[in-house]
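What follows is a single structure, written as C-alpha cells, with notes after it.
The values are calculated or read from the model by the stated rules, or taken from the named source; none is laboratory data. Remember, it's a predicted structure, so these values are computed and weren't measured experimentally. Please note: Cβ atoms are built from the backbone with ideal geometry, for glycine as well, and neighbour counts cover all protein chains shown. Side chains included, ligands, DNA and RNA excluded: accessible areas come from the protein's heavy atoms. Shrake-Rupley method; radii C 1.70, N 1.55, O 1.52, S 1.80 Å.
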Amino acid sequence: MAGTTRRERMRAITRDEIKLLARQQMEEGGTAAISLNGIARAMDLTAPALYRYYGSRDELITALIIDTYNALADALNKVAEAHPPQAYARRLFDTSLAYRAWALSHPTDFLLVYGNPIPGYDLPLEQAMSAAQRVYAVFLGTMQAAYLAGHRPRHAGYYTEVPLICAPLSDANPPIDQVVWLAGIAAWTKLHGMVLLDLLGHLRGAFQDYGVFYRLECLHILEDLNLHQDTVQSPPG
C-alpha cells in the first residue's frame, strides 16, 4: 500500500475484516446469512459506523463476489501460465483440474458466486462483469489460440448455427471467435456441473475416487475441442 495514508490503510484493513466476518457468516449459515448488524456486533461497532465502509448489504456482497472471481482467475492463470502458450491441451487440462481444486478448497466463496441466489440481491453486472470474464478468459484464451492454430472443435459447424444475444467477449485481445465462445460455454457448463454436483455432495457414494471420473471427462472435452489427449499425462488419482 505504498503511497497511501495511514487512514486509508486502516480503512482497507477494516473493510477486509468485514469481508472476513461475512465469509464466516456464510460458512455457518449459507450465502443468505450475511448480516451487517451481526458483523457490527462482532466488531463492537454501531450499524451506522459499519455503513461508512459498506453502504449496504448488497454492496458488501458485490465486493465479496468480485474478490471471488479475481481469486479464482488468479489461481487458474497461475496454472495455465506454468505451460508454454502452444501447449493447448496441457494448459486446458491442468486449468480444468485447478477449477475443481479451487472450488473444493474454497467452497464458501465458490457457492457465493455459483450457488443458490441470495434472496433480495441482484448482481450489478456492470461492476462484476470484468472480474467474471477473467475466469472464462483463462479457458477461452487458450481455446482461441488453439483454434487459430487449426484445432477446430468437432462440432464447429453446429456452433455457427447458434444465435447469440451478446458478442463473445468483444473486448478480448485477440477477439474470441463465435465457434470458440460456444464451444467454451459447452465445455465450461460440463466442468461446472461436475464440480457443483461434487461440491454439494450429490455424487457421494457413487465413486471410490470422483477425481478419476473428473479427469476422464476433462480428456473427453479435449477430444471435443480436437486437441490430442496424448499430450496430456493424466495421473491415476
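Name the helices (complete DSSP H segments) of the chain with a Cα length along the long axis of 27 Å or more and a Kyte-Doolittle mean of at least -0.5, or state none.
57-80, 125-148, 178-199
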**OP:** Using a Gaussian network model of the chain whose springs link C-alpha atoms within less than 10 Å, name the residue from Asn70, Asn226, Asn37 with the highest mean-square fluctuation.
**Re:** Asn37
Original post:
For the stretch 38-194, what log10 I(q)/I(0) values come out of the Debye formula at q = 0.11 1/Å, with one point per alpha carbon and no solvent?
Top reply: -0.53
**OP:** Can you grab the distance from the C-alpha centre of the stretch 55-127 to the C-alpha centre of the stretch 11-45, Å, no decimals?
**Re:** 20
**OP:** For Thr5 and Ala206, calculate 0.36 nm times their separation in residues minus their Cα-Cα distance, and state this gained length in nm to one decimal.
**Re:** 66.9 nm
**OP:** Work from the charge dipole of the stretch 98-201 (Cβ charges, +1 for Lys and Arg, -1 for Asp and Glu, about the Cα centre) and give the residue of Leu125, Met194, Pro163 farthest towards its positive end.
**Re:** Met194
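Between the DSSP loop rule and a limit of at most 13 other Cβ atoms within 10 Å, which trypsin sites (Lys or Arg not before Pro) in the stretch 1-67 are left?
Numbers: sites: Arg6, Arg7, Arg9, Arg11, Arg15, Lys19, Arg23, Arg41, Arg52, Arg57; in loops: Arg52.
The qualifying sites are Arg52.
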**OP:** Sort Leu203, Leu227, Leu197, Leu125 from largest to smallest accessible area, using a 1.4 Å probe on the heavy atoms of the protein chains.
**Re:** Leu125, Leu197, Leu203, Leu227
Subject >> Residue of Asp74, Asp122, Asp198 that the Gaussian network model of the chain assigns the largest fluctuation, springs spanning Cα pairs under 10 Å >> reply: Asp122
**OP:** Counting helices only, and only those DSSP H runs with n ≥ 4, report the 222 nm mean residue ellipticity of the chain as the sum of -39,500 (n - 2.57) divided by its residues, in deg cm²/dmol to the nearest 500.
**Re:** -20500 deg cm²/dmol
Subject >> Residue among Gly30, Leu76, Thr14 farthest towards the positive dipole end of the stretch 1-122, charges placed on Cβ >> reply: Thr14
